[in-house]
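To keep things clear, I will list the structure first and then write my remarks on it.
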Amino acid sequence: MERKRGAVYPEDITVNRKISVSDISVTEGDAGTTNAVLTITIDYPSTRTILVQYNTGDDTATVGSDYTFTNGTVTFAPGETSKTVSVPIFGDTLDEGNETFMLLLHTVSGAVIVKDTGVGTIVDDDTGKGAVWDRAVWDGTDVFL
């Protein structure tokens, strides 16, 4: 098909491309790292390259002790509709309950962001593993025996 100069074609209307990021749950484990893999998607393919920047942020999880700070740019080549971002999660044996961090999308070119925050839930698998001090006996005062 021959394109007419100045005409607007559907594949050229970049604001119609909508980007969103998924939520994810991952079990932390007792040691090492496990990746939380969040998916960034575009609602339908584009004929142009689309870029979106991202970074992680604390919610109830803490960068450095629960997960690794992650940032960068995702590039969607023409025709691509899905990309993933891996966030390393640190395993531990602390009974601390589930914690969450965020993957924040920002600074997009070639589309609009419709869901800018993906929530990563770090599922605590240490429930019932008491700490050593849990075995102390309380004498009714401020002294543990």
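The values are calculated or read from the model by the stated rules, or taken from the named source; none is laboratory data. For clarity, every value in this text was computed on a predicted model and none was experimentally measured. In this analysis, Cβ positions are derived from the backbone assuming ideal geometry, glycine residues included, and neighbour counts consider all displayed protein chains. We work out accessible area using only protein heavy atoms, side chains counted, and drop any ligands, DNA or RNA first. Shrake-Rupley method; radii C 1.70, N 1.55, O 1.52, S 1.80 Å.
One table, with the values for the structure above:
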{"item": "For residue 100: the one exception among (1) outside any strand (DSSP E or B); (2) under 14 Å from residue 122 (Cα atoms); (3) touching a Gly at 6+ places or on another chain (Cβ under 7 Å)", "result": "(1)"}
{"item": "Tally, over region 32-81, of residues that are β-branched (Val, Ile, Thr), in a strand (DSSP E or B) and touching a residue at least 24 places away in the same chain (Cβ under 8 Å)", "result": "13"}
{"item": "Criterion violated by residue 84 - all others in (1) within 17 Å of residue 111 (Cα to Cα); (2) in a strand (DSSP E or B); (3) among the polar types (S, T, N, Q) satisfied", "result": "(1)"}
{"item": "Exclusive hit being surrounded by fewer than 16 Cβ atoms within 10 Å (Cβ to Cβ), under 22 Å from residue 16 (Cβ atoms) and not small (Gly, Ala, Ser), set 112, 108", "result": "112"}
{"item": "Subset of region 64-102 that is open to solvent by 60 Å² or more (accessible area, probe 1.4 Å) and β-branched (Val, Ile, Thr) - its residue that is nearest to residue 118 (Cα to Cα)", "result": "84"}
